[in-house]
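> Take this structure, written in structure tokens, and hold onto it; I'll ask about it next.
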Amino acid sequence: MTKRTVIACFFIICIVAVLDMLPVSAQELKIGIFDLQKIMRESKTVGGYRQDFLKSIETKRKPLQDKEEFAKAIEDKIKKDGSSLLPGDRKAIEEKLVDESKEIRRMKEDFNAEAMKMDRELAQKAFLEIDVIIKKIAEQENYTIIFEKTAAGIVHFKNTVDITGKILEQFK
């Protein structure tokens with residue numbers, strides 16, 4: 001069973017539970033839908049987070065690029081001067097290249113891990129802000145249930161229940 005299927009089943013069970021708890025009286029069930037991907041694409045706040053992320057990544061990428069250029073210079077020296085070097089000198093340069101290559105691989109792994117961590121942290125920050133906005137809209141406009149379009153497995157809904165625009169307005 002996929003994660004999406006489990007989430008959809010959970011939401012369906014929640015709907016049934018909520019509907020079961022509602023008195024039979026004329027209480028209105030108000031449902032809202034929002035598109036998280038659209039918010040993440042169009043929000044200026046998320047765009048600002050993305051710019052901060054890219055700036056931070058660029059400063060962390062510079063040492064890696066410098067190391068790669070240094071290794072390339074060693075490799076070019078071996079190609080250019082390899083035949084004229086003494087065997088001991090050539091071996092020392094080749095060992096230096098191997099060491100640099102290992103260091104580059106380690107730096108790339110560290111860089112990728114840190115980039116993924118930063119990306120998750122920024123996404124979490126955005127999700128927390130979006131959650132506050134959704135709760136505010138739900139309370140102000142008396143929504144009974146609000147679903148995220150893709151996580152709930154919704155394949156069709158009327159645009160009248162889509163509150164993505166309202167969230168974007170408040171998220172800026």
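> When you look at GLU100, is it out of contact with any helix residue (DSSP H, G or I) (no Cβ under 9 Å at 6 or more places or on another chain) and either closer than 16 Å to LYS38 by Cα or assigned to a helix (DSSP H, G or I) (or both), yes or no?
No, not satisfied.
> Related question: Among the residues of the range 85-95, is there at least one that is of a type in the set (Asp, Glu), surrounded by 15 or more Cβ atoms within 10 Å (Cβ to Cβ) and assigned to a helix (DSSP H, G or I)?
Restricting attention to the range 85-95, the residues satisfying the condition of being of a type in the set (Asp, Glu) are 89, 94-95.
Pick out the ones that are also surrounded by 15 or more Cβ atoms within 10 Å (Cβ to Cβ) and you get 94.
Still in the list and also assigned to a helix (DSSP H, G or I): 94.
Yes, some residue in the range 85-95 is of a type in the set (Asp, Glu), surrounded by 15 or more Cβ atoms within 10 Å (Cβ to Cβ) and assigned to a helix (DSSP H, G or I).
> Another one. From GLN170, GLN124, grab the single residue that is within 25 Å of the chain's Cα centre (by Cα), part of a helix (DSSP H, G or I) and at pLDDT below 85.
Of GLN170, GLN124, the one residue that is within 25 Å of the chain's Cα centre (by Cα), part of a helix (DSSP H, G or I) and at pLDDT below 85 is GLN170.
> Determine which single condition GLU69 fails, assuming it passes every other condition in (1) assigned to a helix (DSSP H, G or I); (2) surrounded by 15 or more Cβ atoms within 10 Å (Cβ to Cβ); (3) modelled with pLDDT of 85 or more.
Only one criterion in (1) assigned to a helix (DSSP H, G or I); (2) surrounded by 15 or more Cβ atoms within 10 Å (Cβ to Cβ); (3) modelled with pLDDT of 85 or more is unmet by GLU69, namely (2).
> In addition: Identify all residues within the range 60-101 that are among the acidic types (Asp, Glu) and over 32 Å from the mean Cα position of the chain (by Cα); write none if there are none. Let's see the steps before the verdict.
First, the residues of the range 60-101 that are among the acidic types (Asp, Glu): 66, 68-69, 75-76, 81, 89, 94-95, 99-100.
Those that are among the acidic types (Asp, Glu) and over 32 Å from the mean Cα position of the chain (by Cα): GLU75, ASP76, ASP81, ASP89, GLU94, GLU95, ASP99.
> Right, next: Which one of these does LYS136 not meet: (1) in a helix (DSSP H, G or I); (2) exposed (fewer than 15 other Cβ atoms within 10 Å of the Cβ); (3) in contact (Cβ under 8 Å) with a residue 60 or more places away in the chain?
(3)
> Here's a follow-up. Starting from the range 60-88, take each residue that is farther than 21 Å from MET116 by Cα and list its partners that are among the hydroxyl-bearing types (Ser, Thr, Tyr) and open to solvent by less than 50 Å² (accessible area, probe 1.4 Å), counting only C-beta distances under 8 angstrom and pairs at least six apart or across chains.
Correct list of pairs: ALA71/SER101.
> Can you tell me which residue in the range 139-167 is modelled with the lowest pLDDT, limited to those that are charged (D, E, K, R), part of a helix (DSSP H, G or I) and surrounded by 12 or more Cβ atoms within 10 Å (Cβ to Cβ)? Give the derivation first.
Filtering the range 139-167 down to residues charged (D, E, K, R) leaves 139, 141, 148-149, 158, 162, 166.
If we keep only those that are part of a helix (DSSP H, G or I) as well, we get 139, 141, 166.
Restricting the remaining residues to those that are surrounded by 12 or more Cβ atoms within 10 Å (Cβ to Cβ) gives 141, 166.
Numbers: GLU141: 89, LYS166: 85.
Among them, the one singled out is LYS166.
The values are calculated or read from the model by the stated rules, or taken from the named source; none is laboratory data. Remember, predicted model here, so these are calculated numbers, not experimental data. Ideal geometry is used to build each Cβ from the backbone, glycine not excepted, and the neighbour counts take in all protein chains shown. Just the protein is used for accessible areas: all its heavy atoms, side chains included, with ligands, DNA and RNA removed. Shrake-Rupley method; radii C 1.70, N 1.55, O 1.52, S 1.80 Å.
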